[in-house]
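I have placed the structure first, in the form of structure tokens, so that the comments after it can refer back to it.
The values are calculated or read from the model by the stated rules, or taken from the named source; none is laboratory data. Fair warning: this is a prediction, and the values are worked out from it, not measured in the lab. Side chains included, ligands, DNA and RNA excluded: accessible areas come from the protein's heavy atoms. Shrake-Rupley method; radii C 1.70, N 1.55, O 1.52, S 1.80 Å.
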Amino acid sequence: TLMYDVLTIKQVMTKDVLTVQHKDTVYDAALLLSENEFHALPVLDETDLVGIVTTKDLIKFLLTLF
């Protein structure tokens, strides 16, 4: 627990983040997530953060198709 008290978010965060645009397709997000070792993507409207899409979101969406 000492580490939690000492480290800042800046020290542990991912810095070169891949993102998707809000107009990108579900396929685009799924492809990025499947090719990388992370489970969430920030969603942008140009440069503004408008949300986050996760692997769980995509699985839930897939389940609505059945």
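Observations on the model:
- Protein heavy-atom surface of the chain, 1.4 angstrom probe: 62% of the accessible area is carbon and sulfur, with nucleic acids and ligands not counted.
- Among beta bridges identified by DSSP and lying wholly in the chain, the antiparallel ones come to about 75 percent.
- In order along segment 3-20, phi translates into HN-Hα couplings of 4, 5, 7, 9, 7, 9, 4, 4, 6, 10, 6, 7, 9, 9, 8, 7, 9, 10 Hz, rounded to whole numbers, per the Karplus curve 6.51 cos²θ - 1.76 cosθ + 1.60 with θ = phi - 60° and x for Gly and Pro.
- Residue-averaged [θ]222 nm for the chain, counting only DSSP H segments that reach four residues, each worth -39500 (n - 2.57): -11000 deg cm²/dmol
- Where the chain is the region considered: accessible area per residue in Å², 1.4 Å probe: 88
- Coupling constants for segment 45-50 follow from the phi torsions by the Karplus curve (6.51 cos²θ - 1.76 cosθ + 1.60, θ = phi - 60°), and in residue order they are 10, 6, 10, 8, 6, 10 Hz; glycine and proline get x.
- Options [x] 69; [y] 52; [z] 41 - which one matches percent of Cα pairs over 17 Å apart as calculated here: [y]
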